Amino acid sequence: MSFGMLCLLGLGLAMDAFAVSITNGMCYQNAGKKTALLSALFFGFFQGFMPLVGFLAGLAFRKPIAFLDHWIALVLLSFIGGQMIWGALKESHEELATVTGKVLSVKGIFLQAIATSIDALTVGIGFAVMEINIWQAVSVIALITFCCSLIGAVLGKSFGMLLKDKAEIFGGVILIAIGVKIFLEHILG
């Protein structure tokens with residue numbers, strides 16, 4: 001996987017954290033610079049850590065399923081991307097509850113960071129099958145997620161809900177497109 005594709009994958013994975021950061025910036029009373037930085041650190045760390053965990057788990061299964069690597073990448077990335085798109089479309093049709101005045105706790109940020117990085121765990125399994133340089137991958141994913149989360153918090157404070165659904169749809173489309181590209185590269189040579 002090229003560095004550019006890895007950056008696009010990192011961007012796609014970061015969209016959940018970006019969307020949550022926008023929401024946090026808009027809804028929570030204490031969503032200032034300190035909270036935005038703490039959130040970005042948590043989101044970036046877990047988004048980078050989870051692919052590493054998935055990669056290590058995937059190493060045990062890499063050889064027996066190596067002939068299916070392109071199918072696995074296609075299915076996993078399409079599933080994750082599809083879930084992101086479905087969630088964004090479903091949420092756009094529901095009324096969003098505003099929690100203005102509430103305070104976002106460190107525990108809340110921690111739970112959000114774990115919840116938004118579960119998909120990265122699955123991507124890590126795919127990395128093991130595709131023999132990706134895991135240290136480069138987790139570094140890029142963590143850095144992109146950190147930046148997107150920080151930007152999301154600032155945008156949330158400034159612009160509210162304008163970008164939330166679009167960010168998740170964009171992220172989902174990127175993940176599906178990367179899965180299709182990997183599949184086609186292996187099928188077409």
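Every read-out reported here was derived from the displayed coordinates using simple, explicitly stated rules and does not represent laboratory data. Since the model is a prediction, treat every value here as computed from it, not as a measurement. All Cβ positions, even for glycine, are placed from backbone atoms using ideal geometry, and neighbour counts span all protein chains on display.
Sorting 142-148, 132-138, 35-41 by average packing, meaning the other beta carbons within 10 Å per residue, from highest down gives 142-148, 35-41, 132-138. Each label point was placed 7 Å from the Cα along the Cα-to-Cβ direction; for Ser158 and Lys33 their separation is 1.5 nm. Derived scalar couplings between HN and Hα for the range 30-39 equal 9, 7, x, 4, 5, 5, 4, 5, 4, 4 Hz in order, rounded to whole Hz, by the Karplus curve 6.51 cos²θ - 1.76 cosθ + 1.60 (θ = phi - 60°), x for Gly and Pro. Treating r as the C-beta distance of Lys107 and Glu185 and R0 as 41 Å, the FRET efficiency rounds to 0.45.
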